[in-house]
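Written out below as C-alpha cells is the structure these notes cover.
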Amino acid sequence: MSWGFLRDLLSGVNKYSTGIGRIWVAVVFIFRLLVYIVAAENIWKHEHDEFECNIKQPGCENVCFDHFFPVSHIRLWAFQLIMVSTPSLLVVFHVAYRKNREKRHNQKLYKSAAERDGGLLFTYLVSLVLKTGFEIVFLVLFYKLYNGFEVPRLVKCDIRPCPNTVDCYISKPTEKMIFLYFLVATSCVCIVLNLSELSYLIFKYSLKCYLKRYVKKHQDSECDCRKSETIIHNRAAAAGQFHDSFPSLPLNMQDEREKNTLST
C-alpha cells in the first residue's frame, strides 16, 4: 500500500496546526505511520499462511482463523490511521475555500486565510472531536474483536467442519503483542494530545471573548464618565453665568436706600 497521500496530508495539515497539533502530526507520522510501514506490516504479512492447526481437515484452519481474527490486526490498524487522519482534511478544505473566495471576489476578506477564527475555528474543533472519537472507537474495536490486547500462543477451535476441538497455533505471538501494546500507547498519546489541543483552543477563545467584552465594557464606562463630567461642567458653567448676570442687584438696592436716607 502506498502511503504517500497520507504523508502529504499530514504535511499540509502541519501548516495550519497549533504547537500541540504539530506534536500530534509528528507522533502520527513517526511513531505510527513509519512503524507500520517499516516493521508492523511485515510481521502480519503471512499471518494466514503461518496459522496452523493440528489437523488437516479441509476448511478447518480457514474457519478457525476467520473466527479468531475476523479482521486482521494490521488492516484494522491501517484503517485506523486513515480514519484518524481524514478529519484534518476539513481544515485544509476550509482554508482552500477561504483562499478561493478571496480570489473570486478579488479582495482581502480575511486577515489571514489560515487564521483560526470564526468558521475555521469551529471546523478545527470539529476535526479534533472527530479524531478523538475515531481513536476511542478503534481502541474499543481492537479490544472487543480480539478479547483484549493480547495475542495468545494457542487457541482451541471446535467450529465445523473441524471434527473435534483442535489446537491452533499463532505465529510470532510475542512480537505481535508488543506491537499491539505500542499501537494502544500511541493511540492514547494521540487522544491526550487532541484533548489538550481542544481544551487549549476553547480556553484561548473564551479568554479572548472575555477580554474583548471587558475592554468594551471599560470603554463604555469611560464614555459614560466623560459624558457625566461634560454634563457637570456644562451645568457649572451655566450656573456661573447665571450668577454673574445678577451680582449688581443687591448693590443697586443698597445705593437707593442710602440715597433715600440722605434725602430725608
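The values are calculated or read from the model by the stated rules, or taken from the named source; none is laboratory data. Remember, it's a predicted structure, so these values are computed and weren't measured experimentally. So basically every Cβ, Gly included, is an ideal-geometry build from the backbone, and we count neighbours across all protein chains shown. To get the accessible areas, we keep the full protein, side chains included, count just its heavy atoms, and leave off ligands, DNA and RNA. Shrake-Rupley method; radii C 1.70, N 1.55, O 1.52, S 1.80 Å.
Annotation: PHE29 fulfils all but one of (1) open to solvent by less than 70 Å² (accessible area, probe 1.4 Å); (2) in contact (Cβ under 8 Å) with a residue 40 or more places away in the chain; (3) part of a helix (DSSP H, G or I); the unmet one is (2).
Yes or no: ASN100 of a type in the set (S, T, N, Q), at pLDDT 85 or above and assigned to a helix (DSSP H, G or I)? So ASN100 does not fit the description; no. The C-beta contact set for the stretch 134-151 (first residue without any contact (Cβ under 8 Å) to a residue 12 or more places away in the chain, second residue in a loop (DSSP other than H, G, I, E, B), distance under 7 angstrom, 6+ apart or interchain) comprises TYR143/PHE149. Of all residues in the stretch 5-44, those being over 22 Å from ILE178 (Cβ atoms), at pLDDT 80 or above and polar (S, T, N, Q) number 1. Would you tally the residues in the stretch 103-125 being of a type in the set (Phe, Trp, Tyr), open to solvent by 40 Å² or more (accessible area, probe 1.4 Å) and either modelled with pLDDT of 70 or more or more than 20 Å from LEU90 (Cα to Cα) (or both)? Count: 1. Screening GLU47 on (1) without any contact (Cβ under 8 Å) to a residue 60 or more places away in the chain; (2) outside any helix (DSSP H, G or I); (3) surrounded by 13 or more Cβ atoms within 10 Å (Cβ to Cβ) shows it passes everything except condition (1).
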